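The values are calculated or read from the model by the stated rules, or taken from the named source; none is laboratory data. This is a predicted model, so every value here is computed, not measured. Cβ coordinates were reconstructed from backbone atoms using ideal geometry, including for glycine residues, and neighbour counts include every protein chain displayed.
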């Protein structure tokens, strides 16, 4: 059974690759997010396939998918749900919001107000919603795929650090290569490839895979290396806000997922290094001088990977 589930992962990646062309490494990170059970933030310019990738992922396993277009007038109840009056019995009943799903696409999340953004905090951290004094569990698995445009600031609200810290990975797809872009033109000549996708996994399969991933062995020596990376971000002169313990834990989970996808039952330092940038970079807060000097969070993490020794 376990081997059968593992063998479906290449088919899942191949299916996503029919929709998002020429982005092998990004698709690996998407699989890591799904298998580690951590939420995914897609940050890129419009039109490169962020929303399409989220839809393709949802269609690739037999789960429920909801999309919410985040706007300045969106309210927390528009996401979580609210009590609705029933004139027949004169009572109120809770009507679930779109967050009660397996995959929630939070499109352009930074266009909503901080109040609305914070409505997702409990759902993303604990897989539940508290409303009207009642705590309601969300479907499992539960995955938030959020998108945002990093170059447009008019009418947007930057995600606060607490919100960013809930995302396991942040990815940028980038523009496709010239030949891949030509392939995009012809692949959508008759209809969009996402409309042809079929489920590769069921929701229960995803849960089983996530359980298997957590059993991938992590040596204590490697745990010390991950913590050393986190501590290095907290001491770096260009970083004002370093990696949180939540980020440390998410890096371990991501490394386990990457090892599992590679067919191994143990984590290597290369697994940690491969996931360090998408897991750690968005959690860092740069000093003002570094920010205005053009220092990149991603390059800072790469510098730390080159300087922190593995043999802790």
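Considering 56, 33, 106, 112, which residue is in the same structural domain as residue 133 (by TED's automatic domain parsing), under 20 Å from residue 161 (Cα atoms), buried (at least 18 other Cβ atoms within 10 Å of the Cβ) and out of contact with any strand residue (DSSP E or B) (no Cβ under 7 Å at 6 or more places or on another chain)? If you could, list the steps in order and put the result at the bottom.
Values: 56 fails: under 20 Å from residue 161 (Cα atoms); 33 fails: out of contact with any strand residue (DSSP E or B) (no Cβ under 7 Å at 6 or more places or on another chain); 106 fails: out of contact with any strand residue (DSSP E or B) (no Cβ under 7 Å at 6 or more places or on another chain).
The conditions single out 112.
Look at residue 277 and say whether it is over 20 Å from the mean Cα position of the chain (by Cα) and closer than 14 Å to residue 32 by Cβ.
no
Surrounded by fewer than 16 Cβ atoms within 10 Å (Cβ to Cβ) and either free of Cβ contacts under 8 Å to residues at least 60 places away in the same chain or not in a helix (DSSP H, G or I) (or both): which single residue out of 208, 189 fits that description?
189
So, in region 93-118, exactly how many residues are in contact (Cβ under 8 Å) with a residue 24 or more places away in the chain, more than 17 Å from the chain's Cα centre (by Cα) and not in a loop (DSSP other than H, G, I, E, B)?
6
Determine which member of the set 47, 22 is touching a residue at least 60 places away in the same chain (Cβ under 8 Å), surrounded by fewer than 23 Cβ atoms within 10 Å (Cβ to Cβ), in the same structural domain as residue 133 (by TED's automatic domain parsing) and not in a helix (DSSP H, G or I). Before the answer, list the steps.
On the way: 47 fails: touching a residue at least 60 places away in the same chain (Cβ under 8 Å).
From the options 47, 22, the qualifying one is 22.
Anything in region 119-131 that is crowded, with 16+ Cβ neighbours inside 10 Å and part of a strand (DSSP E or B)? List them, or say none.
Applying the first criterion (crowded, with 16+ Cβ neighbours inside 10 Å) to region 119-131 yields 119-120, 122-124, 129, 131.
129, 131 - these are the residues of region 119-131 that are crowded, with 16+ Cβ neighbours inside 10 Å and part of a strand (DSSP E or B).
Considering region 132-173 alone, what residues qualify as being part of a strand (DSSP E or B), exposed (fewer than 12 other Cβ atoms within 10 Å of the Cβ) and in contact with a strand residue (DSSP E or B) (Cβ under 6 Å, 6 or more places away or on another chain)?
135, 137
Counting only residues that are in contact with a strand residue (DSSP E or B) (Cβ under 6 Å, 6 or more places away or on another chain) and part of a strand (DSSP E or B), how many does region 69-84 have?
Qualifying residue count for the region: 4.
Give me the pairs: first residue in region 288-302 and outside the structural domain of residue 169 (by TED's automatic domain parsing), second residue modelled with pLDDT of 85 or more and part of a loop (DSSP other than H, G, I, E, B), beta-carbon distance under 6 Å, and six or more apart or on different chains, which are they?
Within 6 Å, the pairs are 290/238; 295/238; 297/284.
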